[in-house]
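The values are calculated or read from the model by the stated rules, or taken from the named source; none is laboratory data. Keep in mind the model is a prediction, meaning the values are calculated, not measured. All Cβ positions, glycine included, derive from the backbone under ideal geometry; neighbour counts span all protein chains shown. The protein model used for the area step is the full one, side chains on, heavy atoms only, and it has no ligands, DNA or RNA in it. Shrake-Rupley method; radii C 1.70, N 1.55, O 1.52, S 1.80 Å.
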Protein chains: 2
Amino acid sequence: MQNLALVDVLVKLHDALKRNDLAEAAAIIEALRAPDQADIFSELEDAEQATLLPKLHPSQSADILEELDELEAAEVVADLPTDTVIRIVDEMEADEAADLLGDIHPKQAEAVLAGLEDPDEVRPLLMHPDDSAGGLMTSEFLALRPGMTATEAIEAIRAWQPDVETVYYLFVVDSLKRLCGIVNLRQLIIAEPNALISDIMDREVISVPVGTDQEECARLITRYDLLALPVLDDQGMLLGVITVDDVIDVIEDEATEDIQRLGGAEPLDRSYLDASVLTVARKRIGWLLLLFVTGSLTGTVMRYFESELQSVVALAFFIPLLIGTGGNAGSQTTSTIIRALAVGDIDLGDAMSALWHELQAGLLLGFVMAVVAYLRAITWGSGQPLALAVSSAIFLIVIWANGMGSILPLLAARLRLDPTVVSGPLMSTLVDTTGLLIYFTIATVVLSL
Amino acid sequence: MQNLALVDVLVKLHDALKRNDLAEAAAIIEALRAPDQADIFSELEDAEQATLLPKLHPSQSADILEELDELEAAEVVADLPTDTVIRIVDEMEADEAADLLGDIHPKQAEAVLAGLEDPDEVRPLLMHPDDSAGGLMTSEFLALRPGMTATEAIEAIRAWQPDVETVYYLFVVDSLKRLCGIVNLRQLIIAEPNALISDIMDREVISVPVGTDQEECARLITRYDLLALPVLDDQGMLLGVITVDDVIDVIEDEATEDIQRLGGAEPLDRSYLDASVLTVARKRIGWLLLLFVTGSLTGTVMRYFESELQSVVALAFFIPLLIGTGGNAGSQTTSTIIRALAVGDIDLGDAMSALWHELQAGLLLGFVMAVVAYLRAITWGSGQPLALAVSSAIFLIVIWANGMGSILPLLAARLRLDPTVVSGPLMSTLVDTTGLLIYFTIATVVLSL
């Protein structure tokens, strides 16, 4: 619960439910805004949800289902009779309805679809992957014709009584339904009543093909400050519209995924406290095991240098410090590069500039760290030769880590992998092994072991 | 450069500039959309920028300055004569103008402000911190009065000829300029011509006080799918409006900061390749040094156990693996918790649930890792006692790391620090030291050293 006021509401709602006063419970929910309704609703037990939802006005239930996490909404719907679901889905926005139907059992989805007032608004949306322009768009939009006057267009808007979501941009299509222009509501209002749409409209419309990745759609909307982005098929026919509110969710979700991957875990796909302990563990164990296996290489390196370690056990004291510093320098670099790629500051063509940038930074950082490490080793009484070995090792390790940290995410991107897979942890583990190799090789020479 | 088409444009532009054909250069720039203009423009040399900008139409120059990174825009402006700057700033949106004036030399800012057509639109915005509602809002908005009719309101819009940015929501204020309602353009169009605004308007407006943090504004706009958010002073007077496009930038910037901090570096505050090597190094050296100092504790722990290490040097082989696994488990947890805090999935009240969640997940993960570590140690021929010591150590270390990983970011949030300061790297360094303590203590007992 985000909000203290909502906690109060929840107490009252539980009270009403305990008294089995469903009318009161429904009234309490209906007095809230949709996102708050969803928050409150998701705090209820499954049985309470299934009892309460059919008592609400279908449009309110629709709002709640739209606001819930997708998986949670699917679970709620699974417990409801089909005719109740139909009444609710009829009130949902087409894009949200399609998302929901895609998440429930195909049999239930087919039954609901068959019962809808206007199944043809939803059915085409089901064909597109959730994370493409087609999965993100709504097919509810008002298309104008170039030959209309401003007054006729305003009349059409009045007759259509549109949802708020898509009304501020109006798209203009020709007789083959191909997109040929865009008009905004402001232009319509300001125009002479008899002006033709074809004279008012802007012909340079930014649009995307239906298969475009959702991140690309988000980037276009963000870059050009759009409120809506039209989606076209191969022939240039207008299929639907992506609105800015859907894109904000995409931006947040993508950042969440990136951050979770950078931490070395698969994305949870649902809100944290709703994810069971088992889910949380399952999303993490794969990486933990993989990193353990790659990390085992450190043991192999050290066994190789067992006799050196045997004769100068003090060598071991610096191991966590050296590989820690390498890992830190590397993850500073990867996280910067990954984010620069994600927001479009750099692309694959900038690989060499980025590498060069990081090698220079590594040179500076490595030098400072080498001086500090030398002083630390001396004050620990490690003696000149060991201090020298430690400080030259840290110098090389930092430069190496910066180089790897910049090149690996770019390599991943070139191989069309998500750059976050070479995240902080994987990066550190790789640098651990190579760092130890560097350290022991230098130590063997400097200490003449 | 994001885009191949833009690279072509850049070549043509350089060509025109080489021939000193400024009219042609200006024409090339003016044919582009604002964000593309800014991209191209920032590829030019400082001198070329200073020559070209005054040749463009002031409204085009204004668009470019609005799109450039803030620091870059300030640098460009610093090289221009004051009267040129005044002509450009006059065309900028008030919120962007205020941001720019805040970034340039105070003397130049004062001179520009004095020359503006309407300094009172910009001056009040200068008082508010950049990252507050006041710093984000624009003071250009059209306020209606409750006693107007729909027709009169539409007339007012026509007379005002508003910028696109703020037109879709219209705010209604009383005689004391206090916000009393909101009308959207759709409602105006659909309404009976003689309907009173006070009858059409929605009285339940979501608004924020002027000092509200920008992240909170972003959260409200995202949560309630708003296109604009009104900003009020203590008396409820309408001061300005925050629009959805500004908020998308906030969301992206905050995610970038979080990701850079999670990687253990201070945010760069500008786009990656624009940041000099020295800046990059400066943003990282502080953390690298701090982590080196805290990491030194690992050496202290190991020196304490020097004799044990002397007698069983094989103990050292597992050190990078153990502390690596601890660090990985910890950063999986911190990154999940930090993101859940940032998007509002959990708040401080959920601290105990989050800790309990993570301890359970740690129990599961620790068990699996203990089994794997035992097998690994046996296959390395380390012998029963050492294998047992390693596997019990890893079991405890993973649980401990999950506990620390969940409690530290929440503790930071409670202390009103940014939770990302206890990022992956700091987390790992802390777990390194405690992990070694756990390992050597167990080893001493199990191996009877």
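Annotations
- Exercise: per-residue mean of other protein chain Cβ atoms within 10 Å, A:239-249: 3
- Chain A - mean residue ellipticity at 222 nm from DSSP helices (-39,500 (n - 2.57) per run, n ≥ 4, rounded to 500): -20500 deg cm²/dmol
- Position B:ARG178, label points 7 Å along Cα→Cβ, spacing to each other copy in nm (shortest first, one decimal): 5.8
- Projecting 7 Å from Cα along the Cα-to-Cβ direction, the label point of A:GLU152 sits 3.4 nm from its equivalents in the other copies, listed shortest first.
- For chain A, the longest principal axis of the alpha carbon atoms and the long axis of helix A:244-262 meet at an angle near 20°.
- B:MET148 accessible area, assembled protein chains, probe 1.4 Å, Å²: 50
- Area buried, chain A against chain B - accessible surface, total, 1.4 angstrom probe, square angstrom: 10700
- Restricting the range B:85-191 to GluC sites (Glu not before Pro) in coil, as DSSP defines it, with at most 13 other Cβ within 10 Å: B:GLU117
- Centroid-to-centroid, using Cα positions, the range B:371-405 and the range A:118-145 are 53 Å apart.
- Heavy atoms of B:HIS105 accessible to a 1.4 Å probe, total area in Å² rounded to 10: 120
- Accessible area ranking (1.4 Å probe, heavy atoms, ligands and nucleic acids excluded), largest first, for B:SER42, A:SER391, A:SER448: A:SER448, B:SER42, A:SER391.
- Shielding score for B:277-288, defined as the mean number of other chain Cβ atoms within 10 Å: 6
- Residues in the range B:74-99 reached by a label modelled at B:SER59 [backbone nitrogen below 16 Å; 7 Å Cα→Cβ]: B:87-94
- Our estimate of slack between B:GLU24 and B:LEU71, defined as 0.36 nm per intervening residue step minus the Cα-Cα distance, is 14.1 nm.
- Links that overshoot a 19 Å alpha carbon limit, given the list B:LYS18/B:LYS55; A:LYS107/A:LYS283; B:LYS12/B:LYS55: A:LYS107/A:LYS283
- Fluctuation leader among B:ALA316, B:ALA370, B:ALA218 - chain B, Gaussian network, Cα springs under 10 angstrom: B:ALA316
- Helix B:4-18 axis, angle to chain B major axis (alpha carbon atoms, nearest 10°): 60
- Label sites at B:TYR224 and B:THR379, each approximated as a point 7 angstrom past Cα along Cα to Cβ, lie 5.8 nm apart.
- Counting, for every residue in B:141-149, the Cβ atoms of other protein chains within 10 Å of its Cβ and taking the mean gives 0.
- FRET efficiency for B:ALA111 and A:MET237, using Cβ-Cβ distance with R0 set to 60 Å, rounded to 0.05: 0.65
- For the protein assembly as shown, Kirkwood radius (reciprocal of mean inverse C-alpha pair distance, Å): 30.3
- Distances between copies at B:SER276, taken between label points 7 Å from Cα along the C-beta direction, are 5.7 nm in increasing order.
- FRET efficiency, 1/(1 + (r/R0)^6) with R0 35 Å, evaluated for A:ASP79 and A:ASP130 via beta carbons: 0.95
- In degrees, nearest ten, helix B:424-446 long axis to first principal axis of chain B (Cα): 10
- Percent of C-alpha pairs per 5 Å bin in the range B:352-449, short distances first: 2, 14, 18, 20, 18, 11, 8, 5, 2, 1.
- With at most 15 neighbouring Cβ atoms within 10 Å, loop trypsin sites (Lys or Arg not before Pro) (DSSP) excluded, longest segment of chain A: A:271-415
- Pairwise FRET efficiency - B:ALA31 versus A:ARG123, Cβ, R0 = 35 Å, nearest 0.05: 0.25
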